[in-house]
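The values are calculated or read from the model by the stated rules, or taken from the named source; none is laboratory data. From a predicted model like this one, the values you see are computed outputs, not experimental measurements. As a convention, Cβ positions derive from the backbone with ideal geometry for all residues, glycine included, and neighbour counts pool all protein chains shown. Each accessible area value is taken on the protein alone, full model and side chains, heavy atoms only, with ligands, DNA and RNA left out. Shrake-Rupley method; radii C 1.70, N 1.55, O 1.52, S 1.80 Å.
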Amino acid sequence: MIYALQLHYYDKALMDKKAALAVHRDALERGNFKALLHDLTRSSMLYLKSYLHENVPYRETFDAQTYQRKFDSFVRRYPIIGSSTHSIVNSIGNGAVLDYVIIDEASQQDIVPGVLALSCARNLIVVGDRKQLAHIPTELGVAPPCNFYDCEKYSLLDSCISVFNGSLPRTLLKEHYRCHPKIIQFCNQQYYDNQLIPMTRDAGEQAMKLIVTAKGNHTRNNSNLRELDSLRKTLELGGEIEWDSANARGFIAPYRAQVKLSEAHLPADFVKDTVHKFQGRECEEVVFSTVLDKKCLDPRSLGFVDDPQIVNVAVSRAKNKFTLVTGDDVFSANNGQIAALVRYIEYYADEKQIHRAPVVSAFDLLYKEYDQSLERLNSRLCPDDSRFKSEQIVAGLLRDVMSQESYWAMMFHSQIALNQLVSPTNEALTAREREFMRNRASCDFVIYFRVGKTPLAVIEVDGGSHDKPQQVERDALKNSILKKSNISLLRLRTVESQIEEKISGFLAQWASNASTV
């Protein structure tokens, strides 16, 4: 009965809202609102053109060398000037003062160049949003005259608000014209106390999407390949919107390393940049990658990525579709901005727009937490294969692949010395490569034909240490030696996904002849 009454209450409330909306629409129709608005717009434009025709001289010409000497005439001819705060003092005539100076994006404006703009203005309008990203200060090493003039702590917007302490008139620009209502409503609820009025319309579009990667520690050096693989897999599933405009899709991340990695793994039509570089920009569709996993949640990293200004900017860059790519339960314990965003998408998005663990890697077994779909593989790992679990995983996958009939002609051995595989008398080898071979270098896995024991290929497993300079050099030497010996090589990084498919695809080049050998 209680649930039935609650449902009846909301049905009644919805009917009352629809009735009130109908009354307002009827009043607008009876008041001929659209015709009046059109007439007002037309009359305003006619008045502006008439004023310009009567008051703005057209005959006088200016160039870069003379306009400052005739600045009064110049501003009558061109009454609106665009400039940066850094250059405005040098751009206008000596001693000239403008009637109004409007400083936009003042939350990202340093105090010193902002003050220079103030010196050119009779009236000042400061436009900015303190709930979006602040400026990145320059360390000057100069003591401020008082706290609110501290250039290393405050933006121009912060300084103005603090110095004048409420004595200036302040207006919130409530009407929002960029984002789909479902997108901006998150920012509205989370940051603006529901004061924004979305002027866009919701026609039932699927404006929000959530991609949650499989459990595991996928972050390396402020980048996360699994998030990119999961996004790419989701894109391959289809159903994506094809936008008409150029630069319609944007990929943003808190770290430059993730942006750089995305350039090699995402389609070229994505505009890729950090959240800080995306402020002031927009795309039809925006993907936000949070990068961090549970292992990376030190207070500094968490505070940077889960910052309310970063999340607010990231979400509000999307005009019609927003996608969040994040780790499984990474931010839930913090219960901050991204946790709220996940809850919001889960509540408002269609079930088909929620993608959990779209990509699972066999190497996820290296982590304490992993997707349960890997449990069967985990139970079949053999410790005798190697003391490294990553190599146990590859050995298990190799056995699975070679158990298929088309691969029966192949076999593998592990930890084979390089000088047993490659002849040191190969004239193409350098002295450094021969020295490397003598220094007990080995290959993780070597693939042979069963009959004749002909070596076909080498498979190497690259863990996190393979990013270190010394190991990079060793890998390069091994790559060169195998190439000069006409032995194919497959490197498997432990951060990669679809490992079984890569192994199977690599061996397939010999599988077609396996049954005839």
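Among the residues that make up the range 310-325, is at least one of them surrounded by fewer than 19 Cβ atoms within 10 Å (Cβ to Cβ) and at pLDDT 95 or above? Talk me through it step by step, then tell me what you get.
From the range 310-325, those surrounded by fewer than 19 Cβ atoms within 10 Å (Cβ to Cβ) are none; that's our starting set.
No: the range 310-325 contains no residue that is surrounded by fewer than 19 Cβ atoms within 10 Å (Cβ to Cβ) and at pLDDT 95 or above.
Could you check the range 399-517 for helices (runs of 4 or more DSSP H) lying wholly inside it with 3 or more residues that are touching a residue at least 12 places away in the same chain (Cβ under 8 Å) and farther than 30 Å from Lys233 by Cβ? Steps first, please.
Values: elements: 418-421, 431-438, 469-484, 499-514.
Hits in the range 399-517: 418-421, 431-438, 469-484.
Which of the numbered conditions does Tyr191 fail, given that it passes all the others? Conditions: (1) over 18 Å from Val315 (Cβ atoms); (2) out of contact with any strand residue (DSSP E or B) (no Cβ under 7 Å at 6 or more places or on another chain); (3) surrounded by 13 or more Cβ atoms within 10 Å (Cβ to Cβ).
It is condition (1) that Tyr191 fails.
Can you list residue pairs whose Cβ atoms sit under 9 Å apart, with the first residue in the range 127-156 being under 26 Å from Pro254 (Cα atoms) and assigned to a helix (DSSP H, G or I) and the second being open to solvent by 40 Å² or more (accessible area, probe 1.4 Å) and acidic (Asp, Glu)? Count only pairs 6 or more apart in sequence or on different chains.
Close Cβ pairs (under 9 Å, with a partner that is open to solvent by 40 Å² or more (accessible area, probe 1.4 Å) and acidic (Asp, Glu)) amount to Leu156/Asp110.
Name, by its number, the condition in (1) open to solvent by less than 40 Å² (accessible area, probe 1.4 Å); (2) more than 30 Å from Asn479 (Cα to Cα); (3) part of a helix (DSSP H, G or I) that does not hold for Lys352.
(1)
Given the criterion charged (D, E, K, R), out of contact with any strand residue (DSSP E or B) (no Cβ under 6 Å at 6 or more places or on another chain) and on the phi < 0 side of the Ramachandran plot, identify the matching residue among Asp298, Asp293, Asp329.
Asp298
Report, by residue number, each residue of the range 356-381 that is open to solvent by 20 Å² or more (accessible area, probe 1.4 Å), outside any helix (DSSP H, G or I) and under 19 Å from Gly463 (Cα atoms).
Answer for the range 356-381, where residues must be open to solvent by 20 Å² or more (accessible area, probe 1.4 Å), outside any helix (DSSP H, G or I) and under 19 Å from Gly463 (Cα atoms): Val360, Tyr367, Lys368, Glu369, Tyr370, Leu381.
Scan the range 282-304 for residues that are hydrophobic (A, V, I, L, M, F, W, C), open to solvent by 30 Å² or more (accessible area, probe 1.4 Å) and not in a helix (DSSP H, G or I) and report the count.
Residues meeting the conditions: 1.
When the residues of the range 37-78 are filtered to those that are farther than 19 Å from Gly95 by Cβ and part of a loop (DSSP other than H, G, I, E, B), which remaining residue is least open to solvent (accessible area, probe 1.4 Å)?
Applying the filter and picking the extreme gives Val56.
In this structure, is Ile252 closer than 25 Å to Asp104 by Cβ, assigned to a strand (DSSP E or B) and open to solvent by less than 50 Å² (accessible area, probe 1.4 Å)?
yes
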